[in-house]
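> Structure in structure tokens, see below.
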Amino acid sequence: AYSSDGGTTWTASTLPYALNWSFVSLSGMRAVAIANGNSYAAYSTDGGITWAASTLPSSRAWTSVSLSGMLGVATKATSTNQAAYSTDGGVTWAASTLPASGNWWGASLSGMRAVAVNRGATGTNQAAYSTDGGVTWTASTLPSSALWTFVSLSGMNAVAFTNTSYNQMAFSRDGGAT
């Protein structure tokens, strides 16, 4: 569904496949959606009114997607170090490599800067950042070993949090480097 009045009213739209669509990101009139458990993605150039199919580099559990202008990043939670990036608004995707294996549940993109958090198992305090739109990633460390799940980035400010009983948030003023 899409809204063109700030969420007051909503209109149904149709994605290219009948799947478990799990995440969506909007930047201007561009939108990207990913389906969980496979390599299917979709993109829209009109704010979600119409959608076209695209394909992520591999299947499995893609768990986050973020779009900033024409750049996009996606991460997966399958005990892997795989990520993906797009330079054309989600039309095509290429594989990239995170600095460690794990369950990379959250990613966010702001301009060319991206951050990702590794939910992993208890005891994991891994994060990563990219300065080239998700093409390459550098390891960074979160302040504790909570189950980090979501992250949001705006400029160089990032905030990450857990969705479990850890009740923790982390903040970075340098784009996720520290």
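The values are calculated or read from the model by the stated rules, or taken from the named source; none is laboratory data. Just so we're clear, the structure is a prediction, and the values are computed from it rather than from any experiment. Don't worry about glycine lacking a Cβ; one is built from the backbone with ideal geometry, like all the others, and counts go over all protein chains shown. The area values use the complete protein model at the heavy-atom level, side chains included, leaving out ligands, DNA and RNA. Shrake-Rupley method; radii C 1.70, N 1.55, O 1.52, S 1.80 Å.
> Among all residue pairs at least 6 apart or on different chains, which show Cβ distances below 8 Å where the first residue, located in region 1-26, is at pLDDT below 90 and the second is loosely packed, with under 10 Cβ neighbours inside 10 Å?
Hits for this filter: A1/A12.
> Test each condition in (1) hydrophobic (A, V, I, L, M, F, W, C); (2) at pLDDT 95 or above; (3) within 25 Å of A139 (Cα to Cα); (4) touching a strand residue (DSSP E or B) at 6+ places or on another chain (Cβ under 6 Å) for M70 and report the one that comes out false.
Condition (4) is where M70 drops out.
> Within region 133-177, can you find the residues that are in contact with a Leu (Cβ under 6 Å, 6 or more places away or on another chain) and under 30 Å from D88 (Cα atoms)?
Answer for region 133-177, where residues must be in contact with a Leu (Cβ under 6 Å, 6 or more places away or on another chain) and under 30 Å from D88 (Cα atoms): G133, W137, W148.
> Please work out which residue is farthest from the chain's Cα centre (by Cα), limiting yourself to region 18-42 and to residues that are in a loop (DSSP other than H, G, I, E, B) and surrounded by 14 or more Cβ atoms within 10 Å (Cβ to Cβ).
L19
> Going through T55, T45 one at a time, which residue ends up being in contact with a Ser or Thr (Cβ under 6 Å, 6 or more places away or on another chain), open to solvent by 60 Å² or more (accessible area, probe 1.4 Å) and hydroxyl-bearing (S, T, Y)?
Being in contact with a Ser or Thr (Cβ under 6 Å, 6 or more places away or on another chain), open to solvent by 60 Å² or more (accessible area, probe 1.4 Å) and hydroxyl-bearing (S, T, Y) holds for just one of T55, T45, which is T55.
> Please work out if A61 is closer than 20 Å to S108 by Cβ and of a type outside the set (D, E, K, R).
Taking the combined requirement at face value, the residue satisfies it.
> Let me ask another. Having 1 or more residues that are touching a helix residue (DSSP H, G or I) at 6+ places or on another chain (Cβ under 8 Å) and open to solvent by less than 30 Å² (accessible area, probe 1.4 Å) is the bar; report the strands (runs of 3 or more DSSP E) wholly within region 98-178 that clear it.
Because the criterion is at least 1 residues that are touching a helix residue (DSSP H, G or I) at 6+ places or on another chain (Cβ under 8 Å) and open to solvent by less than 30 Å² (accessible area, probe 1.4 Å), no strands (runs of 3 or more DSSP E) in region 98-178 meet it.
> Of V91, V151, V159, V117, which residue is within 16 Å of the chain's Cα centre (by Cα) and more than 23 Å from N38 (Cα to Cα)?
V159
> Just the residues that are surrounded by fewer than 24 Cβ atoms within 10 Å (Cβ to Cβ) and either touching a residue at least 60 places away in the same chain (Cβ under 8 Å) or within 15 Å of I34 (Cβ to Cβ) (or both), please, taken from region 69-83.
The answer is A77, T78, Q82.
Per-residue answers, yes or no, for (1) among the hydrophobic types (A, V, I, L, M, F, W, C); (2) touching a residue at least 40 places away in the same chain (Cβ under 8 Å):
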| site | (1), (2) |
| --- | --- |
| W137 | yes, yes |
| L142 | yes, no |
| V151 | yes, yes |
| G155 | no, yes |
| A160 | yes, yes |
| N167 | no, no |
| S172 | no, yes |
| G175 | no, yes |
| T178 | no, no |
